[in-house]
Amino acid sequence: EPEVTQTPSHQVTQMGQEVILRCVPISNHLYFYWYRQILGQKVEFLVSFYNNEISEKSEIFDDQFSVERPDGSNFTLKIRSTKLEDSAMYFCASSRTSGSGNEQFFGPGTRLTVL
Amino acid sequence: LAKTTQPISMDSYEGQEVNITCSHNNIATNDYITWYQQFPSQGPRFIIQGYKTKVTNEVASLFIPADRKSSTLSLPRVSLSDTAVYYCLVRRGSTLGRLYFGRGTQLTVWP
């Protein structure tokens, strides 16, 4: 069964540093998403991406965040200057289509710890 | 989007059927009901989706009454490995795919 993969599984960084979280979506999927989950909290939507541009973003996704699909397989989330409150699990997801019929497949997540 | 309400937690024993009910009183005509499962330190996993009546797959059944103001996820004969958080989501048919997760229901299955 195809799956979404994410690297690294755990990233530790110092406050103020830049981090890039990487994801490889399922190969025939066209829609890509990032979510995050702070420990003990809800899963929160960050951004969706389609056709090489952002489709939708939440209020969390401010100027410190950016996404990119640098090649045909990777999908990345960059946090330019990390803050303590960015510590969370970050999940990448992908889907073949959008809307009600689509099932989003989630990756295993990257645990980001900002010290 | 319609707000969903589901129990914070439920307990069950191995081999029992578990029914988790979710209320979504303000569901709109083109909204779908979707359930996801999440194990600790893992990403959510799609379980089942429906619009009305009953949907069944190899994992679960989803019952939706005619007024669609609630839905019930039914897990037959649960095992210890079904211990997880279960999320009920209402999805607008025309949206670009953003999922709104609530707190979910922590299901604990005991031996």
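No lab work stands behind these numbers, since they all come straight from the coordinates. These numbers come from a predicted model, not from an experiment. Heads up, the Cβs are rebuilt from the backbone with ideal geometry, glycines too, and the neighbour counts pull from every protein chain shown.
Under unit Cβ charges (Lys, Arg +1; Asp, Glu -1), what dipole magnitude, rounded to 20 debye, does the protein assembly as shown have relative to its Cα centre?
380
Please compute the average number of Cβ atoms from other chains found within 10 Å of each residue's Cβ in peptide B:99-107.
3
About the Cα centre of region A:15-95, how large is the charge dipole given +1 on each Lys and Arg Cβ and -1 on each Asp and Glu Cβ? Please answer in debye to the nearest 20.
For this selection, approximately 220 debye.
Specify which residue in the list B:PHE101, B:SER9, B:GLN38 is farthest towards the positive end of the charge dipole of region B:9-110, using unit charges on the beta carbon of Lys, Arg (+1) and Asp, Glu (-1), about the Cα centre.
So the residue furthest toward the plus end is B:PHE101.
Looking at A:SER27, A:GLY16, A:VAL43, which one has the Cα that reaches farthest to the positive end of the dipole of region A:15-95 (charges on Cβ: Lys, Arg +1; Asp, Glu -1)?
Selected residue: A:SER27.
Pairs A:LYS78/B:LYS69; A:LYS57/B:LYS54; A:LYS42/B:LYS69; A:LYS42/A:LYS78; A:LYS83/B:LYS69: which are spaced more than 31 Å apart, C-alpha to C-alpha?
A:LYS78/B:LYS69; A:LYS57/B:LYS54; A:LYS83/B:LYS69
For chain B, what is the charge dipole size about the Cα centre, in debye to the nearest 20, if Lys and Arg each add +1 at the Cβ and Asp and Glu each add -1 at the Cβ?
Computed charge dipole of chain B: roughly 520 debye.
Checking the a/c ratio against 1.5 first, then a/b against b/c, what shape does the Cα gyration tensor give for the protein assembly as shown?
Prolate is the answer for the protein assembly as shown, as a/c is 1.5 or above and a/b outweighs b/c.
Please average, across the residues of A:33-45, the number of beta carbons from any other chain that are within 10 Å of each residue's own beta carbon, and give a whole number.
For this peptide, the per-residue mean of nearby foreign Cβ atoms is 3.
Loop only by DSSP, 15 or fewer other Cβ within 10 Å of the Cβ. Give me the GluC sites (Glu not before Pro) in region A:1-102 that pass, ordered by residue number.
A:GLU3, A:GLU18, A:GLU59
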